[in-house]
Amino acid sequence: MSARRLFFGIGLPEPLQQQLVRWRAEQFPEEAGRPIAAANLHITLAFLGDVSDEKAQGLQQLAGRIQQRAFALDLDDAGHWPRPGVVWLGCRQAPRGLLQLAEMLRSQAARSGCHQSPQPFHPHITLLRNATRPVALPPRNFHWRFTVDCFSLYQSVFSQGRTRYRRLQSWPLQE
Ligand code: 2AM
């Protein structure tokens, strides 16, 4: 049986992806870590792991029943997790809508047998990987805001030495 590596997440508007990539290049030296491609910048809501087509269909149906209002997201925080080697961008105060959406998707995933990390959900955009050595973080004087009006199911595709996140389906949030 085939299985695909899937996750629910939030994509970023393309102009914001470009702004973040430019800012990252100004703020971090090359040796800080491996930069994530602009098109791959996202926030994971629920990581599903390797999922059969049948299970994915069930999860897609459940996702389609979620009633959730759109919300604004402020990117005004950054951090470094040395153990996974991740430098990230996030929010000082995660909006309630984001936490509710993630909670819903994560509990649907757990009930469908997709193991969910016991660690508390910390919404973030991974900017750099392989960042295992100390990194100087930029002063917290940055702030980007965008409206989250949909969420998506992504497939993580690894080919020719690269990972790409392919959007399989999106669901709108309410106005
Ligand atoms: P990361 O960026 O913090 O590594 C696709 O791999 C997405 O799913 C990434 O955003 C990644 O988070 C997240 N992810 C990968 N493995 C995961 C796991 N075991 N638990 C939670 N999230 C995971």
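Things worth noting here:
- Taking each residue of the stretch 27-43 that is hydrophobic (A, V, I, L, M, F, W, C) and looking for partners that are part of a strand (DSSP E or B) with beta-carbon atoms closer than 6 Å, six or more apart or interchain, yields A32/L128; I36/T126; L41/I125; I43/G9; I43/I10; I43/I125.
- G161 vs. criteria modelled with pLDDT under 95 and either over 28 Å from A70 (Cα atoms) or of a type in the set (A, V, I, L, M, F, W, C) (or both): yes
- Among the residues making up the stretch 126-167, those that are closer than 24 Å to A56 by Cβ, surrounded by 11 or more Cβ atoms within 10 Å (Cβ to Cβ) and not charged (D, E, K, R) are T126, V148, C150, F151, S152, L153, Y154, Q155, S156, V157, T163, Y165.
- Beta carbons closer than 8 Å, at least 6 apart along the sequence or on distinct chains, pair a first residue in the stretch 87-100 that is at negative phi and aromatic (F, W, Y) with a second that is part of a loop (DSSP other than H, G, I, E, B) and surrounded by 15 or more Cβ atoms within 10 Å (Cβ to Cβ) for W88/H124.
- Criterion applied to L16, L62, L6 was being modelled with pLDDT of 95 or more and within 16 Å of the ligand (Cβ to nearest atom), and the one residue passing it is L6.
- Candidates L45, L41, filtered to the one that is within 11 Å of the ligand (Cβ to nearest atom), among the aliphatic types (A, V, I, L, M), within 18 Å of R164 (Cβ to Cβ) and in contact with a Leu (Cβ under 6 Å, 6 or more places away or on another chain): L41
- Output for the stretch 116-175, where each listed residue is within 11 Å of the ligand (Cβ to nearest atom), among the hydroxyl-bearing types (S, T, Y) and assigned to a loop (DSSP other than H, G, I, E, B): S117
- Where F7 falls short, out of the listed (1) aromatic (F, W, Y); (2) surrounded by fewer than 17 Cβ atoms within 10 Å (Cβ to Cβ); (3) assigned to a strand (DSSP E or B): (2)
The values are calculated or read from the model by the stated rules, or taken from the named source; none is laboratory data. If you're wondering where the values come from, they're calculated on a predicted model, not measured in any experiment. Cβ sites come from the backbone with ideal geometry, for glycine too, and all protein chains shown count toward neighbours.
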